[in-house]
Amino acid sequence: VAPAELVEVGPEAISGPEDMAQLLGRAVGACLRLHNQQAMLKCAQHLCFSLVVRVLLWLPLDAFWYEGFEWKLETQHFILQALHSLLQALAVAAIALGPSADAGPRAVAAMAGAVAFDAVARRTTKNVSSVFSQALAQGYGLGAAAFASESAEQAMPFPWLGAARSRILEYFEAAAMAGRRPVMQSMEVGEGEVGLVAGCAWLLGLGPLRGRAAVLLSGEDPVLVGQLPQIGLFRDVAFLSLLLSRCGALPFTAAPPKAVMQTGLMWKTQDTGALTVRGLHQGPQCALEQGLPTGAAAEAQRKKGVLARMKKGLLGLSRAERRTAAASQADPSLLVGEQLRTEEDVLFVPSAKLRGFE
């Protein structure tokens, strides 16, 4: 039995996309070999966990680094697939190890993989135009979700983990300042997700598909994911990075060694229009979204509640809500310098005092 290569998986310094592809490709091969040998090698999951964390934190976390090279479509797609495989291997290893898997390195490494995925996916390719990068250029991308709050409570045993965390947060802050909207930050299919799906469909010439965004994103209708597998990788990476950023151990149990279960992620739509996901060696009844960070869920619920109240307005309130609603404290008299009691008083205010309020 050939042992897995754990030391020289790639170049010591990543000087370009080719070096990055070489590093990630060898790391994926080593993880697959460790997975196949876990029946004979008891520490296979420990080695896989350490390898993936080290490789993902080896990647550049500066957006300007990725902008300094010309990218080919095949190199871009290979790197995206490799990052997807490594995050999936990290999730399986973290579940198998349970509390013995360090939550701090796991969260930072997973989000570093998300940063690299987002930075590579939005690069334009010189040989063949990338449809997915054009769709992301409309103002969409991955986000940090609850990573800042969740990782703030986790122990960072090494100084370079804290430095990597800071660079990750700076990357997403710069993306927000550039006007990019983070998508796939929860299981809800919102306007951002619908816009990304519609943009991909328009670029592929599939016509208006906004009404079927949920089934297209889940892959139940394979017309979009079949032609553009990058959006499926993007969906999985967004979920895995969010799941792995959870503070503490993942709330799942390791599968028996000889159990045959779904390794990858399998998505479906619920009756409410939201998405649900299974897999990662869990039973068919185990919904993986139950392990998402509570901070992200609370933030999504808060935003949803604010939007609902804005849409509802005062006229949409119930009688009891109207009685308890606070009256507006705005006083137009302070703006014009005269006492205004009724709407008729406004009609007789000199136009000179209303200058600037047109």
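The values are calculated or read from the model by the stated rules, or taken from the named source; none is laboratory data. These figures come from a predicted structure and were not determined experimentally. Note that each Cβ is placed from the backbone with ideal geometry, even for glycine, and that neighbours are counted across all protein chains shown. In case anyone asks, the SASA skips ligands and DNA or RNA and just uses the protein heavy atoms, side chains included. Shrake-Rupley method; radii C 1.70, N 1.55, O 1.52, S 1.80 Å.
Dipole of segment 162-243, Cα-centred, from +1 at each Lys and Arg C-beta and -1 at each Asp and Glu C-beta, to the nearest 20 debye?
Details: 7 positive and 8 negative charges, 36 e Å.
About 180 debye.
Modelled label-to-label distance, A274 and S50, 7 Å Cα→beta-carbon offset: nm?
3.9 nm
Among A27, P60, C43, pick out the residue whose Cα is farthest towards the positive end of the charge dipole of segment 1-154, where Lys and Arg carry +1 and Asp and Glu carry -1 on C-beta, about the Cα centre.
Result: C43.
Using 0.36 nm times the number of residues separating S129 and R167, minus their current alpha carbon distance, what extension gain do you get?
On the way: separation 38, 0.36 × 38 = 13.68 nm, distance 2.95 nm.
Stretched fully, the S129-R167 segment lengthens by 10.7 nm.
Under 14 Å from the Cβ of F348, count the other residues' Cβ atoms, weight Lys and Arg +1, Asp and Glu -1, and hand me the total. Let's see the in-between values first.
On the way: positive: R341, K353; negative: E338, E343, E344, D345.
Net charge around F348: -2.
Which order do E344, E338, E150 take by accessible area at a 1.4 Å probe, largest first?
Working: E344 125, E338 65, E150 20 Å².
The most accessible residue leads, giving E344, E338, E150.
Would you work out the charge dipole size for segment 64-177 about its Cα centre, treating the Cβ of every Lys and Arg as +1 and the Cβ of every Asp and Glu as -1, and quote it to the nearest 20 debye? Don't jump to the answer; show the numbers that get you there.
Details: 7 positive and 9 negative charges, 48 e Å.
Computed charge dipole of segment 64-177: roughly 240 debye.
So, R0 is 45 Å and r is the distance between the beta-carbons of K353 and L203; what FRET efficiency does that work out to, to 0.05?
On the way: r = 53 Å, r/R0 = 1.19.
Efficiency, from the Cβ-Cβ distance: 0.25.
At 7 Å along the Cα-to-beta-carbon direction for both S333 and T253, put a label point, then send me their distance in nm to one decimal.
Label at S333, label at T253, 7.0 nm between them.
Over segment 29-188, give the accessible area per residue in Å² for a 1.4 Å probe, as an integer.
On the way: 6800 Å² over 160 residues.
I get 43 Å² per residue for segment 29-188.
DSSP loop (so not H, G, I, E, B), at most 12 other Cβ within 10 Å: list which GluC sites (Glu not before Pro) in segment 49-97 pass both filters. Provide the component values of the computation, followed by the final result.
Details: sites: E67, E70, E74; in loops: E70.
Taking segment 49-97 and a limit of 12 other Cβ atoms within 10 Å, the loop GluC sites (Glu not before Pro) found are E70.
Tell me, rounded to the nearest percent, the portion of alpha carbon pairs in segment 123-249 spaced more than 17 Å apart. Write out the running numbers ahead of the final one.
On the way: 4928 of 8001 pairs.
Percentage above 17 Å: 62.
Starting from the Cα gyration tensor of segment 15-75, take the square roots of the eigenvalues, sort them a ≥ b ≥ c, and report rounded, prolate or oblate (rounded when a/c is under 1.5, otherwise prolate if a/b is larger than b/c, else oblate).
Values: a/c = 4.85, a/b = 2.28, b/c = 2.13.
Taking the square roots of the gyration eigenvalues as a ≥ b ≥ c, segment 15-75 is prolate.
Just to verify a number: FRET efficiency for E67 and V223, C-beta to C-beta distance, R0 = 41 Å, to 0.05? Intermediate values should be presented prior to the final figure.
Values: r = 32 Å, r/R0 = 0.79.
Computed FRET efficiency for E67 and V223 comes out at 0.80.
Which FRET efficiency value, to the nearest 0.05, do you get for A178 and N36 by plugging their Cβ-Cβ distance into 1/(1 + (r/R0)^6) with R0 = 45 Å? Walk me through the numbers on the way to the answer.
Values: r = 42 Å, r/R0 = 0.94.
Step by step, r from the Cβ atoms, then E = 0.60.
Summarise the accessible area of segment 93-164 (1.4 Å probe, protein heavy atoms) by the percent that is carbon and sulfur.
Details: 1370 of 2410 Å².
That share works out to 57 percent.
Normalised by the number of residues in segment 46-111, what is the relative contact order in percent for Cα pairs under 8 Å and 6+ residues apart? Walk me through the intermediate numbers first.
On the way: 30 pairs, mean separation 41.6, N = 66.
Rounded, it is 63 percent for segment 46-111.
Where Lys and Arg each count +1 and Asp and Glu each count -1, what net charge lies around R167 among other residues with Cβ under 15 Å from its Cβ? Spell out each step's value before the answer.
Numbers: positive: R165; negative: D62, D118, E170, E173.
Summing Lys and Arg as +1 and Asp and Glu as -1 gives -3.
V53: net charge of surrounding residues, Cβ under 15 Å, Lys/Arg +1, Asp/Glu -1, itself excluded? Please report the intermediate quantities before stating the final value.
On the way: positive: R54, R106, R165; negative: D102.
Here the charged neighbours net out to +2.
Once you place label points 7 Å from the Cα toward the Cβ at E74 and M266, how far apart are they in nm?
About 3.4 nm separates the two model spin labels.
Roughly how many Å² of M187 are accessible to a 1.4 Å probe, to the nearest 10?
30 Å²
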